[in-house]
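Colleague: Okay, handing you the structure first.
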Amino acid sequence: MEAFVAGPDAASRVIPNEPPAGSYFKPKLHLISSVREVWRARVLVRTLAERDVRVRYKQTVLGFAWAILMPLVLMVVFTVFVKRFAKVDAGNQDVPYAVFAYLGLLPWGFFSTTFAAGGLSLVANTALLNKVYCPREIFPMASMGVASVDLSIGGVVLAFLFAVTGTVPHWQGLVWLIPELFVMLAFSLGITLLVAASVVYLRDIRQTIPLFLQFGLFATPVAYSLNGITGPQRDLYALVNPLVATIDGLRQSLLFGHHVQVSTFVFGLVGALTYLLVGYAVFKKLEPGIADVA
Amino acid sequence: MLPEGSVRADGVWKRFKADPIRRTFRDQSKAIAGRVTGKGGRGHRWALRDINIDVPPGASVGLIGANGSGKSTMLKILTRVMYPTAGTVTVMGRVGALIEVRAGIHPELTGRENVYLYGSLMGLSRAQVAERFDDIVGFAELDAAIDRQVKFYSSGMQMRLGFGVAAFLEPHVLLVDEVLAVGDAAFQQRCLDRMRHVLAQGTTLVLVSHDLAAVEATCERGIWLDKGVIRAMGPVREVIGEYRRSVEAQLDHELHASGALRVTSAVADGVDGGPPASQRPLDVTIALEATERISGRLYLGVSEGTATPIFVVSYWLELEPGTHEVRCHLGDLPLPAGRYFVYAGVIDRVDDHDVVPWHPITHVDLFGPGLDPTPVAVVRLAPVLVSSGWELDRT
């Protein structure tokens, strides 16, 4: 109790106009300790993701069917308009275009859900941010959890599509599945962290999100194949847009039974990790002031 | 390493942006660039300056002060929601925060889902929350409504849920901001009871409130924040007393005794020239100056500092123009030791207007015994000293 008593001299002490120079708070970037903090808060990520999934389908009639419907509708749209009318095919391969398009739509859907919800997750959760402490990156991460639920449901639909069209997935695809999904995860999280923290300070970014997603749908080989691009151009493409590596890798290995182009994958991986590191660094740098402006 | 439940702030400063002027894209990007490179902008004001506090585990501290004095900012910094601009803050253990009414309550979720969500925010596992779940529902009196979406709750239900969750998940440190202002009297009393219980379990409590009686009843220590600076810190009664005095002194300046009658001086003395003492008589001598014929009732009261007196006595005055002296002899004062304020006012009986407005005329320091302590969360209305004799027999 004694340590608490600072009464008399607290009143008489002269308080300077500025804090002493050395005492200013500096945000520090400790990669390992922040990862550890997130790991400790993993239950929270799960709870928040669960909350978002529940909130999304509360008071809807179709409920979770929406998670299946959205990619299916896009797939039908692609099959009718892109394949029939625009005569884009699955890259001279003898595979059903529907499966081909769906393999592109799943990673793209994962990215766009994470990005659209995660980018606004801090702004949307200001009520929590201002009252309870937790490592802030769990909000974008929870959005990724929601996207993962969609992805899992989409995976079941994919298996169903394989069965219906009589297409047999190739076994190499299963080996490559984990690293390819990792590239997608790292890229999605990196960009989302970057945007989530920036939006808090600069709300203009919010307006650009739908535009960016529309642009991304064309800049990613969802509807078309990568056959037209080869060599270093293709690697550069994967470096800038790591989803290229994921989608192309999945199609090559799972659908065509070809070998995955290792250089494309490596460039995609390097690109995704760079996005993740930069996004995380910016996020951590901006984090301290979030409660002041949110 | 501090023990669990400690709250410590060393040289904490907090700066906010000054006034939100027109902000174009260029200003914004400049501001962000400034933040990223660590060179803060120029326009700012200090919301907190050089705050040093050290609360040991199990202590209860009340933060008091006027609106805008930095109380809520301080609490937000203690919850780690806000970062201090300078200085360090250490809070050991699990923190339960009740800032504004619905801390962490999400309107789209059901009450049950909210309890689990808040539990994980506090770092509890699902099993740990499940153990306490029935207590929370019982305290919040929600029963079947627990599976209803919170947006369909009444505001009272939301608040009960919020308080129940924060207080029953057994935090090491409980930070409470102005929750007692809402809710009916019965619920306020139950909140105070629960806080007392939580305190008895060894939880550290930091309470922000304008309700000085609640602070005095719940906290053993007080911190008075004034324009972002700690003005006083110590036993809660002393700090609250000092705060009240400063408020009164401020009001004093605003009062101008004018008109036909004014108090020129006032003195309060013990009997026979001795010091004023509790359970002894007190003589109050008031010098008055009238510019015209006055008839009215003189009221005289004694308070702890506010305009709300502990008791009031009155006397009918008929004054001719000129100076007068009124002496009031108060019998044995039933007040404990401490500083008291003597208030006076003269009311005209004819049209009920103030001839002299009710205002403090002098203060008096009483010597003598203090009050017996009250149990935590029991609010005493006025400090009345009653002598008591006790007997205990085995029957």
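Colleague: (1) touching a Gly at 6+ places or on another chain (Cβ under 8 Å); (2) crowded, with 21+ Cβ neighbours inside 10 Å; (3) part of a helix (DSSP H, G or I): which one isn't true of residue A:221, the others all being true?
Modeller: Residue A:221 satisfies all of (1) touching a Gly at 6+ places or on another chain (Cβ under 8 Å); (2) crowded, with 21+ Cβ neighbours inside 10 Å; (3) part of a helix (DSSP H, G or I) except (3).
Colleague: Failed condition for residue A:246, given (1) buried (at least 21 other Cβ atoms within 10 Å of the Cβ); (2) without any contact (Cβ under 8 Å) to a residue 12 or more places away in the chain; (3) of a type outside the set (A, V, I, L, M), with all others met?
Modeller: So the condition that residue A:246 fails would be (2).
Table: residues versus (1) touching a helix residue (DSSP H, G or I) at 6+ places or on another chain (Cβ under 9 Å); (2) modelled with pLDDT of 85 or more; (3) within 9 Å of chain A (Cβ to nearest Cβ).
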residue: B:78; (1), (2), (3): no, yes, no
residue: B:83; (1), (2), (3): yes, yes, yes
residue: B:87; (1), (2), (3): yes, yes, yes
residue: B:95; (1), (2), (3): yes, no, yes
residue: B:98; (1), (2), (3): yes, no, yes
residue: B:102; (1), (2), (3): yes, no, yes
residue: B:106; (1), (2), (3): yes, no, yes
residue: B:115; (1), (2), (3): yes, yes, no
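Colleague: Among the residues of region A:63-72, is any surrounded by fewer than 17 Cβ atoms within 10 Å (Cβ to Cβ), of a type in the set (Val, Ile, Thr) and within 22 Å of the chain's Cα centre (by Cα)?
Modeller: Yes: region A:63-72 contains one or more residues that are surrounded by fewer than 17 Cβ atoms within 10 Å (Cβ to Cβ), of a type in the set (Val, Ile, Thr) and within 22 Å of the chain's Cα centre (by Cα).
Colleague: Given the criterion on the phi > 0 side of the Ramachandran plot and of a type in the set (D, E, K, R), identify the matching residue among B:148, B:112, B:80. Steps first, please.
Modeller: On the way: B:148 fails: on the phi > 0 side of the Ramachandran plot; B:112 fails: on the phi > 0 side of the Ramachandran plot.
Exactly one of B:148, B:112, B:80 is on the phi > 0 side of the Ramachandran plot and of a type in the set (D, E, K, R), namely B:80.
Colleague: Oh, and also: Can you give me the number of residues within region B:70-102 that are assigned to a loop (DSSP other than H, G, I, E, B), hydroxyl-bearing (Ser, Thr, Tyr) and surrounded by fewer than 21 Cβ atoms within 10 Å (Cβ to Cβ)?
Modeller: Of all residues in region B:70-102, those assigned to a loop (DSSP other than H, G, I, E, B) come to B:70, B:79-85, B:92-94, B:100-102.
Narrowing further to those that are hydroxyl-bearing (Ser, Thr, Tyr): B:79, B:83, B:85.
Adding the requirement that they be surrounded by fewer than 21 Cβ atoms within 10 Å (Cβ to Cβ) leaves B:83.
Within region B:70-102, residues that are assigned to a loop (DSSP other than H, G, I, E, B), hydroxyl-bearing (Ser, Thr, Tyr) and surrounded by fewer than 21 Cβ atoms within 10 Å (Cβ to Cβ) number 1.
Colleague: Looking only at region B:103-150, count every residue that is part of a helix (DSSP H, G or I) and in contact with a strand residue (DSSP E or B) (Cβ under 8 Å, 6 or more places away or on another chain) and tell me the total.
Modeller: Within region B:103-150, the first condition is being part of a helix (DSSP H, G or I), and the residues that meet it are B:111-121, B:126-140, B:143-147, B:150.
Checking the rest, the ones that are also in contact with a strand residue (DSSP E or B) (Cβ under 8 Å, 6 or more places away or on another chain) come to B:146-147, B:150.
Of the residues in region B:103-150, 3 are part of a helix (DSSP H, G or I) and in contact with a strand residue (DSSP E or B) (Cβ under 8 Å, 6 or more places away or on another chain).
Colleague: Quick one: in region B:352-388, which of the residues that are among the charged types (D, E, K, R) and at pLDDT 80 or above is surrounded by the most Cβ atoms within 10 Å (Cβ to Cβ)? It would help to see each step written out before you state the result.
Modeller: Of the residues in region B:352-388, the ones among the charged types (D, E, K, R) are B:352, B:354, B:365, B:372, B:380.
Those still in the list that are at pLDDT 80 or above too: B:365, B:372.
On the way: B:365: 12, B:372: 9.
Here the residue is B:365.
Colleague: Follow-up. State whether one or more residues within region A:166-181 are in contact (Cβ under 8 Å) with a residue 40 or more places away in the chain, part of a helix (DSSP H, G or I) and under 19 Å from residue A:50 (Cα atoms). Break it down into steps so the answer makes sense when it comes.
Modeller: Applying the first criterion (in contact (Cβ under 8 Å) with a residue 40 or more places away in the chain) to region A:166-181 yields A:167, A:169-170, A:172-177, A:179-181.
Next cut, part of a helix (DSSP H, G or I) only: A:172-177, A:179-181.
Within this subset, residues satisfying the condition of being under 19 Å from residue A:50 (Cα atoms) are none.
No, every residue in region A:166-181 fails to be in contact (Cβ under 8 Å) with a residue 40 or more places away in the chain, part of a helix (DSSP H, G or I) and under 19 Å from residue A:50 (Cα atoms).
Colleague: A further question on this structure: Select from region A:188-214 the residues that are more than 14 Å from chain B (Cβ to nearest Cβ) and over 16 Å from the mean Cα position of the chain (by Cα) and list them in ascending order. Give the derivation first.
Modeller: Residues of region A:188-214 more than 14 Å from chain B (Cβ to nearest Cβ): A:188-193, A:196, A:209-214.
Selection gives A:211 alone.
Colleague: When you go through (1) in a helix (DSSP H, G or I); (2) surrounded by fewer than 20 Cβ atoms within 10 Å (Cβ to Cβ); (3) within 10 Å of another protein chain (Cβ to nearest Cβ) one by one for residue B:58, which number turns out not to apply?
Modeller: If we test residue B:58 against (1) in a helix (DSSP H, G or I); (2) surrounded by fewer than 20 Cβ atoms within 10 Å (Cβ to Cβ); (3) within 10 Å of another protein chain (Cβ to nearest Cβ), just (1) comes out false.
Colleague: Among (1) more than 21 Å from the chain's Cα centre (by Cα); (2) crowded, with 21+ Cβ neighbours inside 10 Å; (3) in contact (Cβ under 8 Å) with a residue 24 or more places away in the chain, which single condition is residue B:110 missing?
Modeller: Unmet condition: (2).
Colleague: Right, here's the next one. Tell me yes or no: at least one residue of region B:42-55 is modelled with pLDDT of 65 or more, at positive phi and more than 10 Å from chain A (Cβ to nearest Cβ). Write out each step before concluding.
Modeller: Of the residues in region B:42-55, the ones modelled with pLDDT of 65 or more are B:43-55.
Then keep just the ones that are at positive phi; that gives B:50.
Of the ones still in play, those that are also more than 10 Å from chain A (Cβ to nearest Cβ) are none.
No; the residues of region B:42-55 include none that is modelled with pLDDT of 65 or more, at positive phi and more than 10 Å from chain A (Cβ to nearest Cβ).
Colleague: Does residue A:277 satisfy being under 27 Å from residue A:80 (Cβ atoms) and in a helix (DSSP H, G or I)?
Modeller: Details: under 27 Å from residue A:80 (Cβ atoms): no; in a helix (DSSP H, G or I): yes.
No; evaluated as a whole, the condition is false for this residue.
Colleague: Among the residues in region A:13-35, are any within 14 Å of another protein chain (Cβ to nearest Cβ), closer than 21 Å to residue B:113 by Cβ and of a type in the set (Val, Ile, Thr)?
Modeller: no
Colleague: Okay, moving on. Residues to consider are B:394, B:349, B:339; find the one that is surrounded by fewer than 16 Cβ atoms within 10 Å (Cβ to Cβ) and within 20 Å of residue B:241 (Cβ to Cβ).
Modeller: B:339
Colleague: Across region A:259-269, what is the total count of residues that are more than 16 Å from the chain's Cα centre (by Cα) and not in a loop (DSSP other than H, G, I, E, B)?
Modeller: Filtering region A:259-269 down to residues more than 16 Å from the chain's Cα centre (by Cα) leaves A:259-267.
When the remaining residues are screened for being not in a loop (DSSP other than H, G, I, E, B), the result is A:262-267.
Qualifying residue count, region A:259-269: 6.
The values are calculated or read from the model by the stated rules, or taken from the named source; none is laboratory data. Predicted model only: the values in this text are computed from it and were never measured. Don't worry about glycine lacking a Cβ; one is built from the backbone with ideal geometry, like all the others, and counts go over all protein chains shown.
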